[in-house]
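*Asks:* A single structure is presented below for examination.
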Amino acid sequence: MEKSYLEKIKETAEFISTEVGELPKVAVILGSGLGDLVNHIDIKKEIDYHNIPNFPVSTVEGHAGKLIFGNLGGKYIMAMQGRFHYYEGYNMKEVTFPVRVMKELGVETLFVSNAAGGMNKEFKVGDVMVITDHINLFPENPLRGKNYDELGVRFPAMTEAYSHALINMADDIARETDIRLMHGVYVGTTGPTFETPAEYEYFRVIGGDAVGMSTVPEVIVANHAGIKVFGVSVITDLGGKDIKEIPTHEEVQKAAVKAQPVMTAVIKEMLSRL
Ligand code: HPA
């Protein structure tokens, strides 16, 4: 018989726990082109996604696809290098499965990162935006369907989807270290198309500052599971009716690689203050 969702979560967590031994309280999901943080981790153990039972396998360029365990900023953490995107064809339960496993492993705080297109007219390519809130424009909510009360409540609040305490901590660090750190609302859409000029404009008008193709499903599930979240977007391109540049995957990757030291520095310092 097919294993149930809950059984799969437990099986995967048990596998990881056996492989790794020591389990982290903090996890980091690294977005497209944002893997440099891994080079700062004192790595104890790495597991390829394709060796983890019940894990989907990442397919897109720029996503290495492994779980990394080790020390960063004096904290023992786990990092996901590469995530599962809805646009790749995974369903929402697959996209968010790693977050369920994190919870089962004992993770209490989740750092999420992504590359995003900027709509806010103050933003420049290379800016790092702390996500203060999101707008979910995916056609499906990851919590749709049967609610497992063991995992969380049927109707979870999303009032503080991104921890205010962690946002304040990031702001303190930015002030002390003179880092330009923007704030904004992340709009999550399916992709894989980048937006039309009218769509960027629409997302700005409804309250968005940046748009991307990930993060929102994982953040919804983390909140459902009672995990505190800190999110950052690296602004890799700008969109709107006055913007003439055409975004490409290669440029997005390049801009992410270039801007990531700021993101890495902030996350590392936050870890040391947790
Ligand atoms: N739109 C959607 N997703 C993105 C973008 C964008 O402009 N840039 C990076 N990811």
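*Asks:* Please give the length that would be gained between ILE179 and SER4 if that part of the chain were fully extended, namely 0.36 nm times their separation in residues minus their C-alpha to C-alpha distance (nm, one decimal). Kindly include the intermediate steps, with their values, before the conclusion.
*Replies:* Numbers: separation 175, 0.36 × 175 = 63.00 nm, distance 4.62 nm.
Roughly 58.4 nm would be gained on extension.
*Asks:* Given the -39500 (n - 2.57) contribution per DSSP H run of 4+ residues, what per-residue ellipticity at 222 nm results for the chain, rounded to the nearest 500 deg cm²/dmol? Walk me through the numbers on the way to the answer.
*Replies:* Details: 7 runs with 86 residues, N = 274.
Helix contribution divided over all residues of the chain: -10000 deg cm²/dmol.
*Asks:* Decide, for region 115-274, between rounded, prolate and oblate: order the square roots of the alpha carbon gyration tensor eigenvalues as a ≥ b ≥ c, take rounded if a/c falls under 1.5, and otherwise choose prolate if a/b is larger than b/c, else oblate.
*Replies:* Working: a/c = 2.02, a/b = 1.15, b/c = 1.75.
Here region 115-274 falls in the oblate category.
*Asks:* Is any residue of region 84-113 close enough, with backbone N under 11 Å, to a label point placed 7 angstrom from the Cα of GLU14 along the Cα-Cβ axis, and if so, which?
*Replies:* none
*Asks:* Stretched out fully, how many nm does the piece from LYS25 to ASP149 gain, at 0.36 nm a residue minus the Cα gap? Mind dumping the intermediate values first?
*Replies:* Working: separation 124, 0.36 × 124 = 44.64 nm, distance 2.21 nm.
Net length gain for the segment: 42.4 nm.
*Asks:* A follow-up question, please. What full-extension length gain, to one decimal in nm, is calculated for ILE206 and GLU245 as 0.36 nm per residue of separation minus the Cα-Cα distance?
*Replies:* Values: separation 39, 0.36 × 39 = 14.04 nm, distance 2.26 nm.
Fully extending the segment from ILE206 to GLU245 adds 11.8 nm.
*Asks:* On a straight-distance basis, which lysines could pair with LYS103 in a cross-link, Cα separation under 29 angstrom, same-chain partners fewer than 8 positions away excluded?
*Replies:* Result set, ordered by chain and number: LYS3, LYS8, LYS10, LYS25, LYS44, LYS45, LYS66, LYS75, LYS93, LYS146, LYS228, LYS268.
*Asks:* How high is the relative contact order of the chain, in percent, with contacts defined as C-alpha pairs under 8 Å that are six or more residues apart?
*Replies:* With pairs under 8 Å counted, the relative contact order is 26 percent.
*Asks:* Let me ask something else. Restricting to bridges with both residues inside the chain, how much of the DSSP beta-bridge set is antiparallel, in percent to the nearest 5? Each step should come with its number before you reach the end.
*Replies:* Numbers: 18 of 48 bridges.
Of the beta bridges lying entirely in the chain, close to 40 percent run antiparallel.
*Asks:* Which peptide among 25-35, 211-221 comes first, and what is the full order, when sorted by highest mean count of other Cβ atoms within 10 Å? Can you show the working numbers first?
*Replies:* Working: 25-35: 24.3, 211-221: 25.8.
Answer by packing, highest mean first, reads 211-221, 25-35.
*Asks:* Take the Cα pairs of the chain, get the Kirkwood Rh, then feed it into Stokes-Einstein at 37 °C and 0.692 mPa s and tell me D in µm²/s.
*Replies:* Working: Rh = 18.7 Å.
Diffusion coefficient, whole number: 176 µm²/s.
*Asks:* Follow-up. Against the longest principal axis of the chain, how steep is helix 249-273, in degrees 0 to 90 to the nearest 10, with axes from Cα atoms?
*Replies:* 60 degrees
*Asks:* Using a ≥ b ≥ c from the Cα gyration tensor of region 102-159 (square roots of the eigenvalues), is it rounded, prolate or oblate, where a/c under 1.5 gives rounded and otherwise the larger of a/b and b/c decides, a/b for prolate?
*Replies:* On the way: a/c = 2.97, a/b = 1.83, b/c = 1.62.
Note, shape of region 102-159 comes out prolate.
*Asks:* When only C-alpha pairs under 8 Å and at least 6 residues apart count, what is the relative contact order of region 64-114, in percent?
*Replies:* On the way: 33 pairs, mean separation 11.5, N = 51.
So the answer I get is 23 percent.
Every read-out reported here was derived from the displayed coordinates using simple, explicitly stated rules and does not represent laboratory data. Just so you know, these numbers come straight off a predicted model, no measurement behind them. Please note: Cβ atoms are built from the backbone with ideal geometry, for glycine as well, and neighbour counts cover all protein chains shown.
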